[in-house]
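These notes are about the structure you will find just below.
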Amino acid sequence: MADQNEEMEKIRKSLQLLELRLSRLESVLNVTDDESMSGSEEHLQTVTATVNADAENEEEKGLESQIGRFGLAWLGNIVLLFGIIFLSQYMVNLGYRFFSFLFGYVASAAIFFLANYIKKANVHLSFILKMNAQVLLFYLTVRLHFFSLSPLIPGKTISIVILLLLVALQVYFSIRNGSQTFAALAVIFSLAAAMLADATYLTLSIVTLTAAGSVYFYLKYKWSSLLMVTIFLAYISFFFWMFGNPLLGHPMQMIIKHQNGVIYLLGLGACFSITSLFRKNDPVSDEFLISVIIINGIIFSLLLLFFVPRFFSNDYVALFTIITICCLIFSIILHSKSDWIFASAFFALYGFMAMSIALYGIIGLPRVYFLLSVQSLLVVSMALWFRNRLIIIMNSLLFLTILFVYLLSSKSVDGVNFCFALVALISARIINWKRARLQIKTDMLRNLYMIEGFFMILFALLHAVPKQFVTFSWTMAALLYFIISLLLKNIKYRYMALGTMICSAFYLFIVDLARIELIYRVLALLCLAAISIGISIYYTNRIKKPGN
């Protein structure tokens, strides 16, 4: 009990101390007792209201509320849409075709007016109802002629015109409401009308105009999702056309004649590429445009891969020459308009790849490798002009790939061998000479080219000179590297000289001494010995010099 009394006494003293401090504060602030009580009540009411508001917000964000507000709204509209469609079809089955369509159009109009009526009270439900009305309207218009045993409108042309008018109306709604979703519906309706037209020039024209429209919406309203969806849907539409439009019940097989469809394919690729011309200096915009350029390039190339072997297997040079010219000109325009290195590099490299295919079509294998190696220098020159390091990096990988393909799949051609070697060494020299212009901070690319040149010189001499002079020719190459290193004061050529001398020695003792005549053995041994000793003397004198 004594302990409890002591504790109670401590609590009482603490409360008295708090009351004393509060009274002093109130006296300083001139707050009366009534004001203090009212302030406490107001604070309590504010806290209570805040707690209640937080509770309501948490309830609104809950799973149950989300399902109730949005999920059931979508479910109800989907059920309503199918209900009206089935009821309309039931009336057709009873023989009331005209009244079934009249009922459908009246229902669509009623849904649309209902959506406008409840717009202020329930924005989300109003939006879904508008979509419902538009989909129902388009479906009913399609059924006026298509997918019907006894169409109400017998002429397909009239039906297509009406469908395109609905597409125009949908575009108007999307602009008026600033809705990307409505614009996506317009794209879907337009491509559906294109497929229903089932006539090459009309179908592909509508597809291309739809692609151009999505690009316009992206540039004006920044509707990036719409553009990405349109890229996939437009190319899918072209794919279906190319395989006979199976959506209308035709057998899925590739068309017999190309019907100039490649022109529309080029148009699609150009439409989606134009977006890079209007790039804003924004990291988010750059990431999106990079994805657009890459996806467009990949899908375009895949469709071209289907199209060219089927229809242009013997005369594809003109097509790829056109692609080359367009891509290179476009890359120059991109370079002149902005400092964005990715787009100009992508289109330049794509143009050079198309040039490679055109060159192959002109002169064939293996002589084309000569021009492909020289083309690498042209790419390096464009990289210097653009100050574009990305072009240099990609060109080095392409050059290495072409070199491997040549070595693995083609017979050796002396001119091609030496051309690859010289191009590699010249490219390495250019990179070292203009590294500041290209903003290259490491020697990795230069070393890669020098390694390629080093091995190709050995390979070219191995196949070009008589067998008894291989060691001698390699030794002379080592001497030439050494002289170049002295002239350019570049240690890397000395490394190449040492490497070539080592290869010469291995080749001499492993191959030459076992198969060439004695006189040639003596010549090779003396030549290798003289140059080896001479280089050794150079290194000895160099080390003895002060500062080395």
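The values are calculated or read from the model by the stated rules, or taken from the named source; none is laboratory data. Everything numeric in this text was worked out from a predicted model, so none of it was measured. All Cβ positions, even for glycine, are placed from backbone atoms using ideal geometry, and neighbour counts span all protein chains on display. Heavy atoms of the whole protein, side chains included, go into the accessibility calculation; ligands, DNA and RNA do not. Shrake-Rupley method; radii C 1.70, N 1.55, O 1.52, S 1.80 Å.
Before moving on, here are some points about what is shown:
- Solvent-accessible area per residue for region 176-223 (1.4 angstrom probe, square angstrom): 38
- Debye log10 I(q)/I(0) for region 349-403, one point scatterer per Cα, at q = 0.14, 0.15, 0.17, 0.18 Å⁻¹: -0.34, -0.39, -0.50, -0.55
- Estimated from the Cβ-Cβ distance and a Förster radius of 22 angstrom, the FRET efficiency linking ILE483 and ILE426 is about 0.80.
- Between the C-alpha center of region 72-109 and that of region 285-312 there is a gap of 41 Å.
- Note on ASN447 and ILE322: with the Förster distance fixed at 45 Å, the Cβ-Cβ geometry gives a FRET efficiency of about 0.75.
- Between region 226-257 and region 445-495, the Cα center-to-center distance that results, in Å: 55
- Spatial separation of Cα centroids for region 166-210 and region 358-436, in angstrom: 45
- What region 306-450 shows is 49 Å² of accessible area per residue, with the surface traced by a 1.4 Å probe over protein heavy atoms.
- Virtual spin-label span in nm between LYS337 and ARG367, 7 Å along Cα→Cβ: 4.0
- Computed from label points 7 Å out along Cα-Cβ, the spacing between LYS434 and TYR172 is 5.6 nm.
- For the peptides 74-86, 293-305, residues were scored by their other Cβ atoms within 10 Å and the scores averaged per peptide; the highest-first order is 293-305, 74-86.
- Database remark: amide H of SER412 closer than 5 angstrom to no amide H (H placed geometrically; neighbours at sequence offset of 5 or more, or on other chains; Pro and chain starts carry no H).
- Computed E for LYS156/GLN259 - FRET, C-beta separation, R0 22 angstrom, nearest 0.05: 0.75
- Phi-derived couplings, Karplus 6.51 cos²θ - 1.76 cosθ + 1.60 at θ = phi - 60°, listed residue by residue for region 194-204: 4, 5, 5, 4, 6, 9, 3, 5, 6, 4, 6 Hz, with x used for Gly and Pro.
- Mean shadow area of region 114-239, taken as a quarter of the surface of its Cα convex hull (nm²): 8.3
- Rounded if a/c under 1.5, otherwise prolate or oblate - region 257-380, Cα gyration tensor axes: oblate
- Inter-label distance, nm, simple model (7 Å from Cα along the C-beta direction), TYR216/ILE393: 3.8
- For region 265-277, Karplus couplings with θ = phi - 60° (6.51, -1.76, 1.60), whole Hz, Gly/Pro x: 5, 4, x, 4, x, 5, 4, 6, 6, 4, 4, 5, 6
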